[in-house]
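Down below is the structure, laid out as structure tokens.
Computed from the coordinates by the stated procedures, all read-outs in this text should not be read as laboratory data. A quick note: this is a predicted structure, and the numbers were derived from the prediction, not measured. All Cβ positions, glycine included, derive from the backbone under ideal geometry; neighbour counts span all protein chains shown.
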Amino acid sequence: MNTEKNSAISIEQLRRNQPRFEGIKSGHRACLGCGQALAARLVTEAAGPDVVVANATGCLEIFTTPWPESAWHIPWMHSVFENAGAIASGMEAALKAQGKSTKVLAFGGDGGTFDIGFQAISGMLERGHNVLYVCFDNEAYMNTGIQRSSSTPHAAMTTTSPPGSERMGKRHLKKDILTIVAAHHIPYAATTSIAYPSDIRKKVRRAMDIEGPTFIHIHCPCPLGWGHDGANSIKVARLAVQTGLFPVIELERTELIGSMPIRHPKPVVEYLKMQQRFRHLFTTKDARAREELEHIQALADHNIKHFNLQGDTMDALDSDGADTVRRGGMRWA
Amino acid sequence: MNTKLKLTRGGFAWGDTSCNYHTGTWRVQRPQHEYRAAPCHASCPAGEDPQAYIALLDSGKPQQAWEELVSINPLPAITGRVCPHPCETGCNRGDYDQPLAIHSIERYLGDLAIEHDWAYPVTAPPADAPHIAVLGAGPAGLSAAWHCLRNGLQVTVFDEEAEAGGTLFTIPNYRLPDDVVRAETRRLLKAGINFTADFKLGREMNLDELQRRYAAVFLAPGVMKSSEWSIDGVTPRDLHQGLHLLKEWGDVGALPPMKTAVVIGGGNTAIDIARLLVRNGVDTHIIIHSSMPDPAHPLADDMRAMPREINQALEEGVKILNHHGIKRLLLRGEKVTGIEIIRMRKLPDDNGKLHRIAFDGTESILHVDQVIPAIGQIVDQQGMEDLVHGEHHIKVDAWGQVAGSENVFAGGDAIDGNGGTVTEAVGNGRMTAQAIAMKLKQQGLPVIEPPVVVHYENLNTEYFEPAPRAEQAVLPVAERVGETEIEAGLSVQQVEKETRRCFSCGSCLSCDNCWTLCPDNAVLKSKKMAADGSYYVFDYDYCKGCGLCAMECPTGYILMVEDI
Ligand SMILES: Cc1cc2nc3c(=O)[nH]c(=O)nc-3n(C[C@H](O)[C@H](O)[C@H](O)COP(=O)(O)OP(=O)(O)OC[C@H]3O[C@@H](n4cnc5c(N)ncnc54)[C@H](O)[C@@H]3O)c2cc1C
Ligand SMILES: Cc1ncc(C[n+]2csc(CCOP(=O)(O)OP(=O)(O)O)c2C)c(N)n1
Ligand code: SF4
Ligand code: SF4
Ligand code: SF4
């Protein structure tokens, strides 16, 4: 390491010489502290340059391509909201016909994945295309102004699931997309979170190495839609994992083959109270608020039991250990 | 670039072109690297910065770590053994699991330097540089001399003893072996310090003569006179002071004959003489009106000795009668046969001032052959009577300057308000050498401001893992005989683990968090060190000011500041 202090470091030069691959460049228009922007950065970094991307409509598509500009450093294509799976399938078939080994990535939000793009994705998985599909889950249709999706968690407030006299935010449950996707009998389906960048990288590399359809589901806090300070995006994401509300797991075919153990499960309230979308649960007068808090805690407890998430020892790869830092940044490898 | 490509509006854009747009214009606050002092640094009386040398050690640079350490404290093998380590009380890691074993790391580096005979890093002062006289070759004097050298001044240390080291030689060998004192002081003198032995102020020369001959004088004579002690004016004929006995033991290896003894006092000297007596088969009590210290609940009237020393003394069989005092001496002729003791405490009066209260009806008799006071020492004013004016200590300002004399400074045990530790002595020596250097350059002495400290709440401890603190091996009580040092140093493996426990409070750890987590690629990594001392640079063209990097920086090194 060069320890000579240097006040005249050229920013231009530094930008060109970063010791990492950047699939998405600066200047994109994501909100301050956007979890999805970070997740997409980490995914494309780990996937490397030999990829093409099919992107569904949504925040990621919009904030990276303010015409006539683009933040993409890799071949990228957008068609419509509902067809990323179909476009990716076509790209893969074309590359195959040309004898190329370039990997096809398909990106979508939770709306584009859980709901509107789902049949195209299902077809892609069923036909066995060699595509890595990444769902950036910010738990609502954010790009059009925070409408509920089938990924929105129970009791969360969105513009189309407002709390009021009838109900306390979203009435229904968050869809278990991973199990549905895995039911296509695909070789690899996993969840991960921006709170654990090494976990994202590890899973992307794993999926890149698999010939066939793979699926990665990333939990991405949205400061605007969830109502938290952008500075807290990682903190919120970490709490989702540590409470058990967002299980970090891996499925092969349909079997659970790995999970990030939770060392000390935290009460869900710690997670919920950081976000305005749950603020109606903290009104002291409404008995329904208490009931919903208990309901959400029960959902977390259920996840912990169902996916066997409770850790029994201190584990370097559990919810507390997986983000441990070392001098020199070695852990992010 | 293929410019012939024709596509419809909205259909195509060249990659990377978003960089033309500067999202930095959105920003209302800006992240900034900001060094803040680690609490270990802020609480070290010598002024050491453990964070800095631990970082170097953790980066695999032990010699540089030692050089960083001795740039402040030239006696780490010594202080690593005997300092009460307030740095560890301050250490942020204490709020998480257990404080870092800073003193053990300090000792490790000191011992490593002895083992490898590393030379103290300093360039010789120019031949025409001002010459400073230092009186007393204890830690205060030696530290002052070292820092005079580092400030480009010539320096001579005078001491009445034949060897440099001062009271360090009185600290018993089982805690601080004389060999360690010699190994460190001799190498330090070799760095370019002139040493004149067998020179007693008031005998060879008086203070005013020293003042005339040298550009400045630093007085570090320690406290060589025992405070007077009696019970209602009565003292036994064969009274031995604790410090005197310790010195005698050090010099000739013998003690006056006795079977039972009571030591009066609650400081290091009391504990050390009691432990020495027990080692020599004497049934020994310590009597003190203070409380036994409990690090978790410090009290104003706690015994002054270090809890570690007190515990080891108890393990070895020293009996401590705290909250007790002596009411009367039982004498046969002028020889002690026992003492009448009474329970007493120091309690606050209406104004909160502590004063002693004895509790009637709690008197009892203790049969002893010797009563050994170890209640404190005062300055021996020989040769500097005009300066001390019959006081117990020398009065100085925050920089160590003696009031009313331009070129006389003082430090160490001899000055008023000093807590009587080696580390404070070292700190006084360093500050005063700086003051002398500034004065000689006709610079004014600035007001000393406490540093801005990074607190536990400023860190993000999500990124650290619990890990047990490294403990030095201690000899079992049965093997603590004679002079053998009872605590061993840490092994290399232990030190490696221990340095990794450091949170690097307030200084960049090069963990890559900010670089990894910025959603806007607005943290750039640099091979060359940036002006602020880190290897990361903010790209303000794109930084939106979200604050995520500051929140996720484990060390509290990034601050968000307004930027409108
Ligand atoms: C038994 C004992 C145990 C201790 N244990 C600890 C401990 O565990 N941890 C700790 O931090 N501290 C301990 N201390 C205190 C520590 O030793 C002192 O705080 C420290 O040595 C003070 O340093 P100094 O340089 O001010 O004085 P000293 O070390 O006392 O040095 C003064 C020097 O000045 C010389 N001198 C004095 N007068 C004259 C004169 N007129 N002419 C020439 N030379 C003169 C003396 O010969 C001596 O060399 C202990 C002290 C004792 C006695
Ligand atoms: C068929 C169709 N319906 C609606 C829209 C409007 N629309 C564009 S983006 C979007 C929301 C995207 O939500 P999601 O997929 O969750 O991604 P996010 O923006 O939250 O990242 C909607 C409803 C559209 N473009 N096409
Ligand atoms: S953790 Fe390290 S830097 Fe922080 S106070 Fe403790 S020793 Fe100092
Ligand atoms: S994370 Fe990036 S955009 Fe946010 S404040 Fe830090 S440097 Fe700026
Ligand atoms: S996040 Fe890590 S690399 Fe960045 S400034 Fe803080 S300590 Fe340094």
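Where the alpha-carbon atoms of the protein assembly as shown are placed on the principal axes, they occupy 111, 69, 49 Å, in descending order.
Separation of region B:8-56 and region B:81-101, taken as the distance between their Cα centroids, equals 29 angstrom. Loop-located chymotrypsin sites (Phe, Trp or Tyr not before Pro) across region A:18-83 with a Cβ neighbour count of 16 or fewer within 10 Å are A:21, with loop assigned by DSSP.
Could you sort out which of A:202/A:305; A:266/A:305; A:235/A:273; A:25/B:525; A:103/A:203 sit more than 19 Å apart by Cα distance in this structure? Going by Cα-Cα distance, A:202/A:305 fall outside the 19 Å limit.
In region B:174-282, which GluC sites (Glu not before Pro) are in a loop and have at most 11 other Cβ atoms within 10 Å, using DSSP for the loop call?
B:228
Could you check which residue among A:251, A:132, A:95 shows the biggest mean-square fluctuation in a GNM of chain A with a 10 Å Cα cutoff? Result for chain A, Cα springs under 10 Å: A:95 fluctuates most.
Dividing the summed helix terms, -39500 (n - 2.57) for each DSSP H run of n ≥ 4, by the number of residues in chain A produces a 222 nm estimate of -9000 deg cm²/dmol to the nearest 500. Distance between the 7 Å Cα→Cβ label points at residue B:491 and residue B:123: 4.3 nm.
Listed by chain and number, the aspartates and glutamates placed with their C-alpha closer than 16 angstrom to that of residue B:441 are B:128, B:406; residues fewer than eight positions away on the same chain are left out. Here residue B:497 is the anchor, and the aspartates and glutamates within straight C-alpha reach of less than 14 Å, apart from those fewer than 8 places off in the same chain, are B:58, B:465, B:471. What shape does chain B take by its C-alpha gyration tensor, where a ≥ b ≥ c are the square roots of the eigenvalues and a/c under 1.5 counts as rounded, a/b above b/c as prolate, and the rest as oblate? It comes out prolate by the Cα gyration axes. Toward the positive end of the charge dipole of region B:226-375, about the Cα centre and with charges on Cβ (Lys, Arg +1; Asp, Glu -1), which of B:291, B:256, B:233 goes farthest? Of B:291, B:256, B:233, it is B:256.
When region B:226-375 is described by a simple charge dipole with +1 on each Lys and Arg Cβ and -1 on each Asp and Glu Cβ, the residue from B:269, B:338, B:312 located farthest towards its positive end is B:338. Straight-line cross-link partners of residue B:353 among the lysines, defined as a Cα under 30 Å from its Cα and at least 8 positions apart when in the same chain: B:225, B:319, B:327, B:395.
Out of A:25, A:103, A:203, any idea which swings most in a Gaussian network model of chain A, alpha carbons joined below 10 Å? The residue with the greatest mean-square fluctuation here is A:25. For residue A:319, the residues 5 or more places off, or on other chains, whose built amide H falls under 5 Å of its own are A:262, A:263. Summing Cβ point charges (Lys, Arg +1; Asp, Glu -1) relative to the Cα centre of region A:23-332 gives a dipole of roughly 520 debye.
The spacing between region B:159-178 and region B:491-564, judged by their C-alpha centroids, is 45 Å.
In a simple Cβ point-charge model (Lys, Arg +1; Asp, Glu -1; nothing else charged), the protein assembly as shown has a dipole of about 3040 debye relative to its Cα centre. From the P(r) of chain A, could you give the percentage of C-alpha pairs in the tail past 33 Å? That fraction is 26 percent. Residue separation of residue B:235 and residue B:365 scaled by 0.36 nm, minus their Cα-Cα distance, works out to 45.0 nm of gained length. What FRET efficiency comes out for residue B:337 versus residue B:89 if R0 is 56 angstrom and r is the Cβ-Cβ distance? Round to the nearest 0.05. E between residue B:337 and residue B:89, to the nearest 0.05, is 0.85.
Overall form of region B:31-70: oblate. Here a/c, set by the Cα gyration tensor axes a ≥ b ≥ c, is 1.5 or more, and a/b is not larger than b/c.
When the helix-only estimate is applied to chain B (DSSP H runs of n ≥ 4, each -39,500 (n - 2.57), divided by the residue count), what is the mean residue ellipticity at 222 nm, nearest 500 deg cm²/dmol?
Result for chain B, helices only: -8000 deg cm²/dmol.
Longest exposed-loop-site-free stretch of chain B, with trypsin sites (Lys or Arg not before Pro), DSSP loop and at most 10 other Cβ within 10 Å? Looking at chain B, B:10-236 is the longest stretch - no exposed trypsin sites (Lys or Arg not before Pro) with at most 10 other Cβ atoms within 10 Å. By other beta-carbon atoms within 10 Å, ranking A:177, B:342, B:102 with the fewest at the front produces B:342, A:177, B:102. Placing a label point 7 Å from the Cα of residue A:144 along the Cα-to-Cβ line, the residues of region A:57-71 whose backbone N sits under 16 Å from it are A:57-62.
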